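Here is the structure we will look at.
Nothing in this text is a laboratory measurement; each read-out follows from the coordinates by a stated rule. Note that the structure is a prediction, hence the values are computed from the model and not measured. Neighbour counts are summed over all protein chains in view; Cβ atoms, including those assigned to glycine, are modelled from backbone coordinates with ideal geometry.
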Amino acid sequence: MTDWFTTPRAVPPSRWAFRPPEQWPAHDLVAAGGDLEPSTLIGAYRMGLFPMQLDGDESLLGWWSPDPRGILPLDQLRVTRSLRKSLKRFTVRVDTCFRQVMTACGDARRPHGWITPAFIDAYGDLHQLGWAHSIEVFDAAQHLAGGLYGVKIGGLFAGESMFSVQRDASKVALVALVELMQATGLTLLDVQWCTPHLASLGAIEVRRADYLASLAEARDLVTAARRPA
């Protein structure tokens, strides 16, 4: 079993080559095609790219680098009084049911869904290799109430998606993620696009160039390999 503290297994170079950032277009979509192999995904995240279906076509991948990019500075997370109360109602675990979290994030009833079975399989493979992680929130009855997942490379956590079936559960997952990142030396929390919901929690927009500069510093950081005391 792999978890947050597992050193990820090395992946070989991808057979796909992305253009360097100085050749990227001004719009958010940088490239199309490729695959979801671990080597392709890790190579893309290290460059500041992430995949989503292109125009809802499950057979074609788009590779995105938003400009501006949404990030959540770890020292700017907003925890309201009501959220502090919610923190006491839930239990948080890490990496105990990754596929369940990702499947919930990909619920077909959610609008603008893009997490297909192919994505679940691909990121499930990344999880088994120690690159992808989930934060899981359980209620008093031990039902999964919310959570999030993403990819961890050095000091980067690239958040992919979150879900909640009980009030504030996804926010509780985010608080737990930020605390875990701070405890283990991660520095950059990527949220892709800065939605109004994420902005209310402290997310901000930065220029693509600034994000890539921060990424270059974060991705090769050696973070804590042991659980904090």
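Counting only helices (runs of 4 or more DSSP H) wholly contained in the range 134-229, the ones carrying 2 or more residues that are more than 24 Å from Thr96 (Cβ to Cβ) and free of Cβ contacts under 8 Å to residues at least 24 places away in the same chain occupy 196-200, 208-218. Within the range 23-46, the set of residues being without any contact (Cβ under 8 Å) to a residue 60 or more places away in the chain and within 20 Å of Ala132 (Cβ to Cβ) comprises Gly34, Asp35, Ser39, Thr40, Gly43, Ala44.
Here's the yes/no breakdown for (1) farther than 21 Å from Leu188 by Cα; (2) buried (at least 19 other Cβ atoms within 10 Å of the Cβ); (3) not hydroxyl-bearing (Ser, Thr, Tyr):
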{"residue": "Ala32", "(1), (2), (3)": "yes, no, yes"}
{"residue": "Ser39", "(1), (2), (3)": "yes, no, no"}
{"residue": "Ala44", "(1), (2), (3)": "no, yes, yes"}
{"residue": "Gly70", "(1), (2), (3)": "no, yes, yes"}
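Being surrounded by fewer than 21 Cβ atoms within 10 Å (Cβ to Cβ) and under 16 Å from the mean Cα position of the chain (by Cα) holds for only one residue in Asp220, Asp190, Asp139, Asp125, and it is Asp125.
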